[in-house]
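Derivation of every value follows stated rules applied to the coordinates shown; laboratory data play no part. Values in this document were obtained by computation on a predicted structure and should not be read as measured data. Here the Cβ is made from the backbone with ideal geometry for all residues, glycine too, and neighbour counts use every protein chain on show.
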Amino acid sequence: MSIYNFIVLIGGLAFFLFGMNVLSGSLKKVAGNRLETILEKMTDHPLKGLAFGAIITIAMQSSSALTVMLVGLVNSGIMTIAQTVGVIMGSNIGTTLTAWILSLSGLQTDNFLLSMLKPENFSPIMALIGVCLIMAAKEQKKKDLGQVLVGFSILMHGMELMSDTLAPLSQVPGFVDALTAFRNPFFGVLIGTLFTAVIQSSAASVGVLQALSLTGNISYGVAVPIIMGQNIGTCVTALLSTIGVSKNAKRVSVIHVSFNLIGTAIGLVIYMILDWGMHLAIFDKSIQPFEIAAFHSIFNIATTCILLPYSKQLVNIAETFIKDDTEQEIFLDKRLLFTPSVAVMECRKKSALILKTATDGYTEAMDLLQDFDGKKRDNVKELEEKVDSMFLSCNDFLIQLSSKEVSDSDSEIIANVLHTIGDMERISDYSLNLSTILKKLEDSYGDKKDTKKVLKSLNSKLEEIFSNLNMAYETKDGQMAENVITLGEAVVEQIKKIKKSDLKKLRKGKVDAEVSVYLTEYLNVSRRVVEHSLNIAEALI
């Protein structure tokens, strides 16, 4: 092999990996909110988790990226360890799709229609369509689809470059002799593991193996152990992602590694029985790209079928290796940024939690009107501090997320949440102001009976606003948000009437001046809270 051929080979690999990266990123953007829908419908049932894992891996074209996402979801407390087992198994099945597409490169036919199934024949057409969509389309979704087509075309061009460069090596005795070293199954597993760990993609690793198989010098005995090792190598990304996370999140990568190690061990035992024990002639036969794709799928599906009934045992293994601790879960894990569409969804969910906590804190502050208690006031302060912490975390996360490539709908959600969490945080701040006002009112010597009666009626309407607002925000119900605005406007008018009535009583000397001041402060805070609630409701419409 000349230095020129080596450069072309490396360039082909670069095109292949870059194409895979573009394809993966674009598919995630095209999938958009569909990832959210699938995730929301996922249950604790392993079979549904299995389907989820396969679908998401097909959408993202990376089982490693999915596992990193799972680490982030578990670290944020969004998913449990048990839920991840089926998803991890499903990802191993989903990642085999790429190999089937690449296997069409070895299709030999004179029929025009069948020959157009070969990626090197239809990928230029896809590239042309993709470039036209990117340059001419006005909608972002169509541009994203164009990037998917271009990414796939680049990937296939890299595959073709590697195949053309490696083809002459079939006539080089030294190359053929070197391949016989892989005939040792343990060495083959090691090579598959190391190569996949370096490029961090089992799909890409299988693609390179398929390109090598086109030389006609890769036998079943060489390819089978390498494919098994590739499943182990893909775990490296997940292992690296567990640095600095809670021990509960680290168990996700332990399950991933355990599943693939056990599957490979079972596969190796069967391989040695068939090859070393029964001396099957097929292991010396040349393997084709299509057969590599078939074995890759069969191996991963068989491993899943064997180990799926033992999901609980895999969780036990992870808990044995990673002992329990008292670490707190992270509000929003930065690893979710690797899958922006899922990150957007989780950020939206966390903002709903911020709103709920803020309104709960304000409601608890209002309760101090009838029964002022020091412990309750301390609880109001704790809730306010909790909201502050969640707000800062969510705000920082959203700023980082806004720099990612996301769909138009996701971009709109990011802007909406960024706009509304400030209003949520202000509602929480006013809960502290309200508790301070009520402390002053409690300590005053004036007659507070009528004042408390008036405010009790106001508070009940504020609670109704909070209840409707939380439900509207969680369900994204525009009609309910309209109801919040109607209620809010009515409360603002009620506050104006209470102020006007109190001013008349103060002029006539029918109310204590000090109590009147505190009432005005209370009403001003209530109006501010209503205004922030209306801002949130308007953002939903």
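Report, in listed order, any pair from Lys143/Lys350; Lys376/Lys456; Lys143/Lys334; Lys452/Lys497 with a Cα-Cα distance greater than 22 Å.
On the way: Lys143/Lys350 30 Å; Lys376/Lys456 18 Å; Lys143/Lys334 27 Å; Lys452/Lys497 16 Å.
Checking Cα-Cα distances, Lys143/Lys350; Lys143/Lys334 exceed 22 Å.
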5 angstrom amide H check on Ser219, placed H, neighbours 5+ away: Ile287
Efficiency of FRET from Cβ geometry, Asn379 and Glu514, R₀ 22 Å, rounded to 0.05: 0.25
Could you calculate the FRET efficiency of Glu531 with Glu464 from 1/(1 + (r/R0)^6), where r is the beta carbon distance between them and R0 is 22 Å, rounded to 0.05? 0.85
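Could you work out how much longer the chain between Phe186 and Ile282 gets when fully extended? Use 0.36 nm per residue separation minus the Cα distance between them, nm to one decimal.
32.7 nm
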Would you work out the relative contact order for segment 397-541, in percent, from Cα pairs under 8 angstrom that are 6 or more residues apart? 38 percent
May I ask you to sort Glu384, Glu364, Glu139 by Cβ crowding, counting other Cβ atoms within 10 Å and putting the fewest first? Glu139, Glu364, Glu384
For Lys142 paired with Leu128, estimate the spin-label separation in nm (one decimal), with each label point 7 Å from Cα along the Cα-to-Cβ line. 1.9 nm
Does segment 307-417 classify as rounded, prolate or oblate by the C-alpha gyration tensor (a ≥ b ≥ c root eigenvalues; a/c under 1.5 gives rounded; else a/b over b/c gives prolate, otherwise oblate)? oblate
Rg/Rh ratio calculated on Cα atoms of segment 339-540 (Kirkwood radius): 1.04
Give me Rg/Rg_expected for segment 365-471, where Rg uses Cα atoms only and Rg_expected = 2.2 N^0.38 Å with N residues. 1.40
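Tell me the volume per residue, in Å³, of the convex hull enclosing the alpha carbons of segment 246-289.
Working: hull volume 3.3 nm³, N = 44.
Measuring per residue, one finds 74 Å³ for the Cα hull of segment 246-289.
Compute the FRET efficiency between Ala294 and Ala352 as 1/(1 + (r/R0)^6), taking r as their Cβ-Cβ distance and R0 = 45 Å, and round to the nearest 0.05. Write down the numbers at each step before the final one.
Numbers: r = 46 Å, r/R0 = 1.02.
Given R0 = 45 Å and the Cβ-Cβ separation, E is 0.45.
So between Met471 and Trp100, what do we pick up on full extension, going 0.36 nm a residue minus the alpha carbon distance?
Working: separation 371, 0.36 × 371 = 133.56 nm, distance 4.57 nm.
Separation in residues times 0.36 nm, less the Cα-Cα distance, equals 129.0 nm.
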Rough spin-label spacing in nm, given labels placed 7 Å along Cα→Cβ, for Val269 and Lys453: 8.2 nm
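Given Lys381/Lys461; Lys356/Lys461; Lys381/Lys499; Lys250/Lys312; Lys461/Lys499, which pairs have Cα atoms separated by over 21 Å? Before the final figure, lay out each step's value.
Details: Lys381/Lys461 23 Å; Lys356/Lys461 17 Å; Lys381/Lys499 28 Å; Lys250/Lys312 17 Å; Lys461/Lys499 17 Å.
Check vs 21 Å cut-off fails for Lys381/Lys461; Lys381/Lys499.
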